[in-house]
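Each reported figure results from applying straightforward, stated rules to the coordinates on display, with no laboratory input. What you are looking at is a predicted structure, and each value in this text was computed from that prediction instead of being measured. Every residue, glycine among them, receives a Cβ derived from its backbone with ideal geometry; neighbour counts consider all protein chains shown.
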Amino acid sequence: MREKLTKDLIMLADACKEPLYLVGGSVRDYLAGTLSEKPDWDLASPMCEDDFLAAAEKIGFDVRAVYPATGTVKLKDSEGAEYEFTRFRSDTYVRGMHAPAGTEFTRDILKDAVRRDFCANAVYYDVKAGEFVDPLGGIKDIQTHTLRTVAPAKKVFGEDGLRLMRLARIAAETGFAPDKECLEGAKENALLIRDIVPERIFQELSRILHSDEKAGGKDGPYRGLSLLRETGVLKEIAPELALGDGMDQRKDFHRYDVLEHSLRCVRYSAPDIRFAALLHDVGKPYCFLRDGNFHAHPEEGARIAAEMLTRWKAPKKLIEETGELVLLHMRDFDLKMRESKVRRELVLHYPLLEKLFELKQADFSACRDDLSPAPTVVKWKEILEKMKEEGAPLTLAELAVNGKDALSSGIPPHDVGNALHLLLFDCALGMAKNERAVLLKRLTKLSEKYTK
Ligand code: ATP
Ligand code: MG
C-alpha cells in the first residue's frame, strides 16, 4: 500500500514516536482494488493528539481543526490531500444519537476497532512498518465484499442512527452487501434515523445518488436506494416516496409499481438529474389517495418534491430546479401536443431543456427497462432542430431587439419582459422573422396596446 501514499504521510509516520495507522475507507478500498485518485486519509494511533500535532507541524502540515474531546485533528498537506486523525478510543452512546455521550481514550487497537461500524472499515495499515493489522477479520470481508458489523448488529445500529445511512451509502459505493445479521440489525433499528439531522441525511443520500462515480459503485444508486427500502429507512426519510411501494400502475405502460419505477428511473438517469429522477412521480401516491387517479401528479409532485428537499436542507438551486423538472416531466407524454405549443414550450423552458430530455428519457426507460429513444424526446428534438435551422431565437439574448429597444418603442418599463417574450414566441412560431426592423415594428404596435 506504501506506493499509494503521499510523501508527506510517510514522513509524518516516520516523525511520530508511536505507530501511525491508516484505517477506514482508504485501506478498505485499497484492498478491494478500488482506491480513488484522491482518497480522504483517515488516521488512527494510540498516541495523544498533542504528540501527533507536534509531528504534523514539524513536517509542515496545515492543521485545519482540533477537537480535543474526541482526540480528532483535521489536516491538509502541501499538495492539498486531506487527513483526519483520531486517537484510539472507545465510545459510549445514548441510544440512536450520532454523537457519542462519552469517550475514553485507549491504547488497545481492538477497543478502537469495535467502536467503528463495519469490520471492513476496521482494517489498519501501519504506515511505518508497512503492515496490515486486522483485529476483526475485516480483510476477509473485503475479499468477499461483505459488510458485517463490528459487534452485534442490533447494538451497532442501536447506538448511532447515522450508521443506517452509512450502510446504504458504503454498500452503494463499494459494491459490498450486508450479511444477514447486519441487515436484520438495521431493520430493527430503522426508526433511529429520526434522530439524525437532515443535513447528514441529505449528504448521505446525495452520495448514494452519485455512488456510481466510485470505482466500486457500479449500479450503486439503485442498489443503495433498494437497501434503504429494504431496511425500512426510506419510509422514515422519504415517506411520500415510500407510499408508492406496491402501488400498481397502468399495465400497458408500466412493468413496476410506483416506487420501483422511481428507483429504476434513477438507475437510468444522467448524474445531473438524480434527485428529479427519484422524485419525479412522488405526486402519484398523494393524488391516488386523494383523487383515485394520477392526473395531477406532476403539479402535486413538484410541490411535494420541493417540500422534501427543503426538509433535507438541500441547496436552493436544486430545490427550484427539481420542482420544475418534476412539474414538466409529463409534458406531451401522449405526443398529442400541437407543434406550435411544443415550440412555445421549447423556448419557455430552454435553459432546462437538456435536463428535461434526460428526465423524460430516464422515465421512459424505467417503465419497462427499454433503452430505446423516448418518443417525446425524439419529437421535441426534431422540432428544436427545425427551429434552429429556421434561425429562430431560442432565448431573449438571441432576439434581434433588446430591453432598451422596447423602452424606446414606448413599452412601459414593467411590460418590457412580457413584450420581449411575445416576440420570442412569434419568432418561435414562424410568425415573425428575427430581424431588427421587423421586431421594432411589432414593438411599436404592442406599445399601442400596452398604453391604451
Ligand atoms: P469514505 O472515506 O469512503 O467516505 P470511510 O469508511 O472512510 O468512507 P469516514 O466517514 O471517512 O468513512 O470514516 C472513517 C472511519 O471511521 C470509517 O471507516 C469507520 O471505521 C469510522 N466511522 C465513521 N463514521 C462512523 C460512525 N458513524 N459509526 C462508527 N464508525 C464510524
Ligand atoms: Mg474516509
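Under the combined filter of DSSP loop state and at most 13 neighbouring Cβ atoms within 10 Å, the stretch 84-193 retains these trypsin sites (Lys or Arg not before Pro): 95, 107.
In straight-distance terms, cross-link reach from residue 386 covers every one of the lysines whose alpha-carbon lies under 16 Å from its own, apart from those fewer than eight places away in the same chain; here that gives 341, 433. By the rule of a C-alpha distance below 15 Å, with chain neighbours fewer than 8 residues away ignored, the aspartates and glutamates paired with residue 214 are 29, 37, 40, 173, 204.
Among beta bridges identified by DSSP and lying wholly in the stretch 34-87, the antiparallel ones come to about 65 percent. Among 181, 84, 358, the order by Cβ neighbours within 10 angstrom, fewest to most, reads 181, 84, 358. Cα centroids of the stretch 328-360 and the stretch 43-70: 55 Å apart. Distance between the C-alpha centers of the stretch 260-287 and the stretch 99-120? Whole Å please. Measuring centre to centre over Cα atoms gives 38 Å. Charge dipole (Cα centre; +1 on Lys/Arg Cβ, -1 on Asp/Glu Cβ; no other charges) of the chain amounts to roughly 1240 debye.
What residues of the stretch 129-170 lie in the reach of a label at residue 188, counting those whose backbone N is under 16 Å from a point 7 Å from the Cα along Cα→Cβ? Output list for this probe position: 148-161, 164. The calculated 222 nm mean residue ellipticity attributable to helices in the chain amounts to -15000 deg cm²/dmol, summing -39500 (n - 2.57) over DSSP H runs of n ≥ 4 and dividing by all residues. Each principal axis of the Cα cloud of the stretch 1-144 was taken in turn, and the coordinate range along them, longest first, works out to 40, 36, 23 Å. Approximating the spin labels as points 7 Å out from Cα along Cα→Cβ, the residue 341-to-residue 320 distance works out to 2.7 nm.
FRET efficiency for the pair residue 407 and residue 431, taken as 1/(1 + (r/R0)^6) with r the Cβ-Cβ distance and R0 = 22 Å, rounds to 0.40. Tell me, in nm to one decimal, what length is gained between residue 371 and residue 203 on full extension, where the rule is 0.36 nm per residue of separation less the Cα-Cα distance? Value of the extension gain: 57.5 nm. Put +1 on the Cβ of each Lys and Arg and -1 on the Cβ of each Asp and Glu in the chain; which of 429, 94, 208 then has its Cα farthest toward the positive end of the dipole? Value: 429.
The slack in the chain from residue 181 to residue 290, taken as 0.36 nm per residue of separation less the alpha-carbon distance, amounts to 35.3 nm. Based on alpha-carbon centroids, what's the gap between the stretch 374-390 and the stretch 155-227 in Å, whole number please? Here the two parts' Cα centres lie 41 Å apart. Placing pseudo-labels 7 Å out from each Cα toward the beta carbon at residue 108 and residue 381 gives an inter-label distance of 6.3 nm.
Axis of helix 258-267 versus longest Cα principal axis of the chain: the two differ by about 80°, to the nearest ten degrees. Taking the DSSP bridge list for the stretch 91-222 and keeping only pairs wholly inside it, about 75 percent are antiparallel. Among 409-421, 260-272, sorting by the average number of other beta carbon atoms lying within 10 angstrom of each residue, highest first, gives 260-272, 409-421.
Rounded to the nearest 5, the antiparallel percentage of DSSP beta bridges internal to the chain is 75%. When peptides 236-243, 395-402 are ranked by their average number of other Cβ atoms within 10 Å per residue, the highest-first order is 236-243, 395-402. Once a ≥ b ≥ c are taken as the square roots of the eigenvalues of the Cα gyration tensor of the stretch 240-374, is the result rounded (a/c under 1.5), prolate (a/b larger than b/c) or oblate (a/b not larger than b/c)? In terms of gyration-tensor shape, rounded.
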